[in-house]
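What follows draws every value from the coordinates through simple rules; no lab data is involved. As the structure is a prediction and not an experimental result, all values here were calculated from the model. All Cβ positions, glycine included, derive from the backbone under ideal geometry; neighbour counts span all protein chains shown.
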Amino acid sequence: MNQNERLNYLINYLLEDLHLDKDLFFGEDLFTTYRKLVNIREAKPVSKKFLEIQDEMLQEENRKKGIVSFENDNNKIILWKGDITRLKVDAIVNAANNQMEGCFVPGHHCIDNAIHTYAGIQLREKCHQIMKQQGILEPTGKAKITLAYNLPSCYVIHTVGPIWNGGRDREEELLANCYFNSMKLAMDNGIRSIAFPSISTGIYSFPVELAAKIAVHTVNRFLQDNPDCFDLVEWVLFDTHTESVYEDEVDKIY
Ligand code: AR6
């Protein structure tokens, strides 16, 4: 099967599963339609054949986007402007929501949507099982770990950042908890390289200058307290402004 044949198979399967008409997606490229359909689909099992074809298709998409990895032997925090789903590290961190089953908004450009789309539907299924067992929405500032399925990284650590409310709801403390608990969970799982996004500074509107200060301070403190635990800690930043704000904070500690 070539990539278009794989996408056509997956789209037809999903359209039937969701009782939707192909005409709704008229004129779109195949991957955009596929992405929207998996984004809106609730967690539930699929056929073995679907999974095989999905995995082949996503491996090919991930190869096309280009897999990126970094060497770092001086135990310093590094920064990279780009898409976290391209990164080959032990674990990438997802800025999730408290339902913790990925973003359901079709084709949405948040990190949660990107991670779930390129990992594959196994990730939503796994998160659903974890959340069902937990029985309550995920509290802000905690962290959970899953495999990364089709992503180049091995694991995804999922954390829910605080929604900015002018600083009235302990947002600063909760954001620090996101970084601390993600680092702790990574360390406890023997993870040596970890990449963070700028948690809470997108949809959740946390001011990026304050967020970067808290993020870099918390992680740097963790590294000082646990000096031999990580080979690489990285921030993956999506736009030039956010990158320069984190750069300023990292410059202050070295
Ligand atoms: N790689 C790296 N960074 C990214 C990527 C990517 N592929 N995509 C976006 N960013 P956001 P939040 C950046 O809104 O503020 C979701 O809908 C983005 O530019 O993804 O914590 C969840 O389900 C920004 O700098 O996360 C929640 O409902 C940063 O990642 C809600 O958004 C965080 O932006 C969480 O909001």
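Looking at the range 68-158, which chymotrypsin sites (Phe, Trp or Tyr not before Pro) are in a loop (DSSP not H, G, I, E or B) and have at most 14 other Cβ atoms within 10 Å? Let's see the in-between values first.
Working: sites: 70, 80, 104, 118, 149, 155; in loops: 70, 104, 149.
Passing both the DSSP loop test and the Cβ count: 70.
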With the alpha-carbon atoms as the only input, what is the per residue convex hull volume for the range 1-145 in Å³?
138
Given springs between every Cα pair under 10 Å in a Gaussian network model of the chain, which of 26, 180, 206 has the largest fluctuation?
26
Of the residues 147, 175, 15, which exhibits the maximal mean-square fluctuation in a Gaussian network model of the chain defined by a 10 Å Cα contact cut-off?
15
About its Cα centre, how strong a charge dipole does the chain have in debye, to the nearest 20, once Lys and Arg get +1 and Asp and Glu get -1 at the Cβ?
500
Highest-first arrangement of 107-113, 193-199, where packing means the average Cβ count within 10 Å
193-199, 107-113
Low-density loop cleavage sites - GluC sites (Glu not before Pro) in the range 31-122, where at most 16 other Cβ are within 10 Å (DSSP):
42, 71
Net charge dipole size for the range 121-219 [Lys, Arg +1 and Asp, Glu -1 on Cβ; Debye, nearest 20]
260
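Work out the FRET efficiency for residue 231 and residue 63 from their Cβ-Cβ distance, taking R0 = 25 Å, and round it to the nearest 0.05.
Values: r = 25 Å, r/R0 = 0.99.
Step by step, r from the Cβ atoms, then E = 0.50.
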Among 143, 95, 43: highest mean-square fluctuation, GNM of the chain, C-alpha pairs under 10 Å:
43
Just to confirm my numbers, what's the Cα centroid distance between the range 81-108 and the range 139-180 in Å?
11
Rounded to the nearest 500 deg cm²/dmol, what is the calculated helix-only ellipticity per residue at 222 nm for the chain, with -39500 (n - 2.57) per DSSP H run of length n ≥ 4?
-15000 deg cm²/dmol
